[in-house]
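The values are calculated or read from the model by the stated rules, or taken from the named source; none is laboratory data. As the structure is a computational prediction, the values presented were derived from the model and not from experiment. We place every Cβ from the backbone using ideal geometry, glycine too, and count neighbours over all the protein chains shown. For the accessible areas, the whole protein counts, side chains as well, though only heavy atoms, and no ligand, DNA or RNA atoms are used. Shrake-Rupley method; radii C 1.70, N 1.55, O 1.52, S 1.80 Å.
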Amino acid sequence: SSEGVEALAGVYGLRPRMLDLSMNEVGGIGLEALTHSGALDEVDDLRLIECRIGDDAIATLAGRWSLAGPESLYLRDNAISDEGAEALAAAPWIGRLRYLDLADNPVGPGGRDALLRACSPDIRLVL
């Protein structure tokens, strides 16, 4: 639940390299709490499959990490549309990503094209 994720975000010194919260109702509030807590600052592999995350939370996430963002980002089966995909494409760390999974989200051609322009040619992009 988002309350559980908010509690996790409050754990002092939490700095995982890999975090998998898939199939939990993280929601936008939970993801924003994690993002603002700094708990994601050193995460290389973030898995948020089927977590009820939308565009606003993705925009917050995209703007939070420095250039040392994740290498793998699993966002399958959420509520991420072109707006969220475009926010990801504008993230300063987008070139570092090697794997991005946005399958089963309502991302259309505009979001897909923004990602293809912004991402490294080496990325494995799943839409």
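A few comments on the model shown:
- Top-ranked residue in the range 89-115 [being of a type outside the set (S, T, N, Q), closer than 21 Å to Cys51 by Cα and touching a strand residue (DSSP E or B) at 6+ places or on another chain (Cβ under 8 Å); ranked as surrounded by the most Cβ atoms within 10 Å (Cβ to Cβ)]: Leu102
- Checking each residue in the range 44-69 for being of a type in the set (S, T, N, Q) and either in contact with a helix residue (DSSP H, G or I) (Cβ under 7 Å, 6 or more places away or on another chain) or modelled with pLDDT of 90 or more (or both) picks out only Thr60.
- Selection status of Ala85, part of a loop (DSSP other than H, G, I, E, B) and open to solvent by less than 10 Å² (accessible area, probe 1.4 Å): no
- If you filter the range 46-82 down to residues that are surrounded by 19 or more Cβ atoms within 10 Å (Cβ to Cβ), among the hydrophobic types (A, V, I, L, M, F, W, C) and touching a strand residue (DSSP E or B) at 6+ places or on another chain (Cβ under 9 Å), you find that the one that is nearest to Leu102 (Cα to Cα) is Leu75.
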